[in-house]
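Every number in this text was worked out from the coordinates using simple rules, so none of it is lab data. All figures in this text were calculated on a predicted structure; none of them were measured in a lab. Positions of Cβ are backbone-derived with ideal geometry, glycine not excepted, and every protein chain shown enters the neighbour counts.
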Amino acid sequence: MINRRNFLKGASLFTLGGLVACNSNGGNAVAEKAVAGAASGVKANKNIGLQIYSLGKELYEDVPGGMKKLKEMGYKTLELAGYKEGKIGGIDMMEFKKMVEDAGLVITSSHVNPPTREYTKSNLNEIKEYWKKTADDHAKLGVKYLIQPGQPKTRSLEETKYVCEVFNEAGKIVKAAGIPFGYHNHEMEFAKVVAGGTESLFGRRQKGDVIYDIFLAETDPSLVFFEMDVYWAVMGQVDPVEYLKKYADRIKVLHIKDRAVLGQSGMLNFEQIFKQFYANGHQDYFVELEGIKDRTQFEGVKGCVDYLLNVPFVK
Ligand code: MG
């Protein structure tokens, strides 16, 4: 009697036979179809996320329709932007979540910034209140990460260390709501600061410590993780792969960004970036797109996902 297991075994042998035939006679439609099917299966499983900031105002012309387009393109997860007082881009958060889920996508992260860039002892309570409310709202939403993308003022070593204290406080509050707190960089975090300084400065010969390195050293690993934007790291004159190797346990999420559409500028070695990121045991990343002029934002994010679907080093 042929049971299901034996049948499948037979079926795979048949497919293998087809592949052998393909090699020997140079062409076999059945085998080619099987190979194409396997390749599209791999593509369909890729865990590709998008930071919705990439869509700009186009997103809000038709959110449910836009979500369906993203799903069809091959995106799986979203990182939100535009949170304010329980709303995303003016839409109630839970309504927004329903639109996302109706399209078969999942919200896994959200970018949020406290109301001030200057952190002082006198506004610490205001910042803490902001994190409490924001963390509670996002706990209801059910995100995996809550991330600050904006750099507070860090003009001196002392100010940078104080920012780290505030990050640790934010991390405690967000953690209490059940969500890990992360920090996302631009390029200025790779400038240097000195004790008693009045501004951060770039330069090989510049004295002082790199702000990002201070953030890594002075924040508590149990309270603060890092989402590295690899494009801005390169713009900050550092190698993101070196950072991924050195801080494997701290950099848990990536922003996959290029000067415009992914893979076109040649400025980033995405293969080495993904290889190291996976070797570190991580898998969550979000495409981010800025700087396109020759097409719509939706066309741009389609160009980005097509790149990731087609390169073999992205799982
Ligand atoms: Mg980014």
(request) Could you tell me the largest-minus-smallest coordinate of the C-alpha atoms of the chain on each of the three principal axes, in descending order and whole angstroms? (result) 77, 48, 46
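Counting residues in segment 142-194 as N, plug N into 2.2 N^0.38 Å and put the Cα Rg over that result.
Details: Rg = 12.4 Å, N = 53, 2.2 N^0.38 = 9.9 Å.
Rg over 2.2 N^0.38 Å, computed on Cα atoms: 1.24.
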(message) Here is the link list: Lys97/Lys275; Lys69/Lys132; Lys128/Lys161. Which ones come out longer than 24 Å on Cα distance?
(response) Lys97/Lys275; Lys69/Lys132
(request) For segment 156-214 and segment 230-289, write down the distance between their C-alpha centroids in whole Å. (result) 19
(message) Report the Cα-based extents of segment 134-268 along its three principal axes, largest first, to the nearest Å.
(response) 46, 42, 23
(request) Using every Cα-Cα pair within segment 37-167, state what percent have a distance larger than 26 Å. (result) 34
(request) Restricting things to alpha carbons, find the Rg to Rh ratio for segment 122-170 using the Kirkwood radius for Rh. (result) 1.03
(request) Any chance you could give the angle, 0 to 90 degrees and rounded to 10, that helix 157-176 forms with the longest Cα principal axis of the chain? (result) 60
(request) For the chain, give the magnitude of the charge dipole about the Cα centre (Cβ charges: +1 Lys/Arg, -1 Asp/Glu; no others), in debye to the nearest 20. (result) 940
(request) Using amide H atoms built 1.01 Å from N in the peptide plane, name the residues 5+ places from Ile107, or on other chains, whose amide H lies under 5 Å from its own. (result) Leu78
(message) Between segment 67-85 and segment 103-118, what is the separation of their alpha carbon centroids in Å?
(response) 12
